[in-house]
Amino acid sequence: MRREESYAGFLEPPSEHRVSNEGERVWLFVRAPTDAVGAIVMEPYEMIATDRTYEAERAAKDAFRNGISYKEYRKQIERIRSPLFVPNFTFRSDYGEFYDEMVSRPVLAVFLMGALEKGYHEQVYTYDDLTDDGKAFYDFIKTLYPGSELYLATALET
Amino acid sequence: MLQEMDAPTQLIRERMVDFPNDGVGRDGTLVWLLAYAERLLLDSRPDAYIPLEITTHLLFPVDRFVGLDLTWEQHQKRYTELLKSIETEPMLRTNYLTAYELAAVDTGRPHIDISTIEHPQLTRPLMIVPHLYGAFLIGISSVSYADWHCTTRDLTEHGQAFYERVKRIFPSTKLGLLTLRGTEPLVPLVLKSDTDDA
């Protein structure tokens with residue numbers, strides 16, 4: 001039985017030893033197979049990467065550390081994330097400013113898979129870092145929305 | 001609008017919503033299952049650990065709102081009151097919301113509200129569904145209906161099972177069923193190439 005105060009949800013971190021005092025949150029995004037239906041939602045605040053883009057984003061970060069410009073780095077990140085997230089020109093405040101976070105392309109579902117008070121993962125959560133219940137839920141969602149692409153987005157809780 | 005009725009079966013494998021048989025229009029209808037973080041709705045137990053940023057929200061133009069099962073009764077009652085008031089209060093006719101929309105806002109909080117967030121291509125205000133652990137599109141119909149919104153009674157066996165499953169994942173989850181007009185994305189996605197900045 002899940003503890004009443006637990007938000008761990010479906011997460012099974014790869015280690016019991018915390019690597020950070022910043023919490024972790026993991027979201028499941030179901031990218032619609034068509035742009036003709038779905039919801040446009042904001043990228044999770046302080047998102048590190050998604051399971052499907054992490055390696056490419058890490059390579060871009062390495063390139064940035066090795067000298068490419070910040071502008072070029074951001075351009076690479078935008079290209080890498082573009083199957084799911086695009087720069088925000090969709091939602092703006094009543095002051096007329098667009099919010100900094102990227103926004104999703106149309107999704108059929110978005111759901112918090114879990115949130116931990118501390119950080120336990122060196123990288124980002126993948127399917128393998130879900131509990132058995134989490135994997136069953138993920139598999140069910142994948143079957144429920146045929147043709148959709150599933151992403152796990154890991155974000156920091158700062 | 002999506003192409004005819006094969007679209008729902010393409011997008012959602014299991015039929016989760018029993019839509020009525022008597023459609024009245026061709027705008028289409030969407031049903032979203034909403035999972036609210038009830039603790040944030042109630043703002044209770046301020047001493048309890050609640051991770052920050054564990055919720056998301058949905059935004060859509062106010063004229064697409066048909067109903068939310070959690071607020072439907074109050075919404076309809078308020079709508080009736082407003083319709084009566086319009087006869088004696090002409091100012092209501094010039095409000096930037098229709099009586100139906102105004103009634104939805106008046107009775108929606110904390111589950112749904114008018115948003116200060118704007119969309120560059122839309123002239124109508126956006127409604128916001130805040131404090132969500134998540135949302136799932138569970139029903140699509142290519143027709144629209146008169147005076148119908150989805151409730152738990154309209155869920156199929158598959159729909160009921162999924163509803164119960166989602167409810168058990170996080171503490172203090174409160175579920176809602178949101179019915180919207182139209183099948184297009186909740187707001188148009190604006191790409192950089194659509195803007196003057198491109």
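Only the coordinates and a few stated rules stand behind these numbers; no lab work does. Being a predicted model, the structure only gives us computed values, none of them experimental. Cβ sites come from the backbone with ideal geometry, for glycine too, and all protein chains shown count toward neighbours.
Key figures
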{"read-out": "Partners for A:Lys71 among lysines (Cα-Cα distance below 25 Å; same-chain residues under 8 apart left out)", "value": "A:Lys61, B:Lys192"}
{"read-out": "Shielding score for A:101-113, defined as the mean number of other chain Cβ atoms within 10 Å", "value": "5"}
{"read-out": "Placed amide H near A:Gly114: partners under 5 Å, 5+ positions off or other chain", "value": "A:Phe10, A:Val26"}
{"read-out": "Fewest-first ranking of A:Phe64, A:Phe91, B:Phe136, A:Phe140, using other Cβ atoms within 10 Å as the exposure measure", "value": "A:Phe140, A:Phe64, A:Phe91, B:Phe136"}
{"read-out": "Cβ-placed point charges (K, R +1; D, E -1), dipole of region A:23-157 about Cα centre in debye, nearest 20", "value": "500"}
{"read-out": "Whole-angstrom gap from region B:56-82 to region A:1-72, using each part's C-alpha centre", "value": "33"}
{"read-out": "Per-residue mean of C-beta atoms belonging to partner chains within 10 Å, peptide B:60-73", "value": "0"}
{"read-out": "Taking B:Ile117, B:Ile112 and counting other C-beta atoms within 10 Å, the order from fewest to most", "value": "B:Ile117, B:Ile112"}
{"read-out": "Taking A:Asp133, B:Asp27 and counting other C-beta atoms within 10 Å, the order from fewest to most", "value": "A:Asp133, B:Asp27"}
{"read-out": "Residues of type lysines that B:Lys167 reaches as a straight line, Cα spacing below 23 Å, ignoring anything fewer than 8 places off in the same chain", "value": "A:Lys135, A:Lys142"}
{"read-out": "Mean separation of Cα contacts under 8 Å, 6 or more apart, over the residue count of chain A: relative contact order %", "value": "51"}
{"read-out": "Exercise: per-residue mean of other protein chain Cβ atoms within 10 Å, A:79-89", "value": "2"}
{"read-out": "Proportion of all alpha-carbon pairs of region A:23-157 beyond 22 Å (%)", "value": "41"}
